[in-house]
Amino acid sequence: MIPTDVSAVAEVEALVARTRKDLGGLDILVNNAGVAKVAPLAETSVEDWRWMLETNLSAVFYGCRAAAPHLIAQRRGKVINVASVLGAVGLPGYAIYSAAKGGVIALTRTLGVEWARHGIQVNALAPGWFETDMTHAAFADPRISERLTRDIPMRRVGQAEEI
């Protein structure tokens, strides 16, 4: 593992370069980062907006942009962008997170069409609720947990190892 601040363009570019050098190439890119501050939009700051957009959306752009020349030159590769079900449905308190993950879905669709002619597959995963460090507090409250899981067919949240 190479610690990388995915919201920093130079670090993402360095990660792609190091991966290519150390592993002899780049076959797959997985963009998987997420942060959230749950609050009504009126109670969030511009700094919250920037932080969540940089981590949840811009980082995906940075990764794709850094990998693009290499994947296009070799005329093959796979890109998996991790979005969220909240990129397609709204939930109070998640306006910024949902906007960012919706952007990931739109970017993925566009790159899928744009890069297909280069032999590159671009797909998104849009998982629902999973027990993670980011969601642990929400599921600790039985009222919130019940509300969030009642529409899940399995009637439970997912576990990280299941994805």
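Any read-out appearing in this document is the output of simple, stated calculations on the displayed coordinates, not a laboratory observation. Model, not experiment: these values are computed from the prediction. No Cβ is skipped: glycine too gets one built from the backbone with ideal geometry, and neighbour counts run over all protein chains shown.
A few points about this structure:
- Whole-angstrom gap from segment 69-84 to segment 89-135, using each part's C-alpha centre: 15 Å
- For segment 9-128, size of Cβ-based charge dipole, Lys and Arg +1, Asp and Glu -1, in debye: 540 debye
- Relative intensity, log₁₀ I(q)/I(0), of segment 1-114 from a Debye sum that treats every alpha carbon as a point, q = 0.12, 0.18 Å⁻¹: -0.45, -0.89
- The stretch between Leu91 and Glu47, if pulled fully straight at 0.36 nm per residue, gains 13.8 nm over its current Cα-Cα span.
- The long axis of helix 59-74 is offset from the longest Cα principal axis of the chain by roughly 30 degrees.
- Placing a label point 7 Å from the Cα of Glu13 along the Cα-to-Cβ direction, the residues of segment 42-82 with a backbone N closer than 11 Å are 66.
- Amide hydrogen proximity for Gly128: with H placed 1.01 Å from N in the peptide plane, the residues at 5 or more positions away or on another chain lying under 5 Å are Val85.
- Radius, Kirkwood style, for segment 68-137 when every pair of distinct Cα atoms is counted (Å): 13.3 Å
- Segment 9-128, relative contact order [Cα under 8 Å, separation at least 6], %: 30 percent
- For peptides 77-86, 149-158, sequence by mean Cβ density within 10 Å, most packed first: 77-86, 149-158
- Segments 19-29, 43-53, 99-109 sorted - mean Cβ within 10 Å per residue, highest first: 99-109, 43-53, 19-29
- Förster-model FRET efficiency, 45 Å R0, Ile72 and Arg143, C-beta, rounded to 0.05: 0.35
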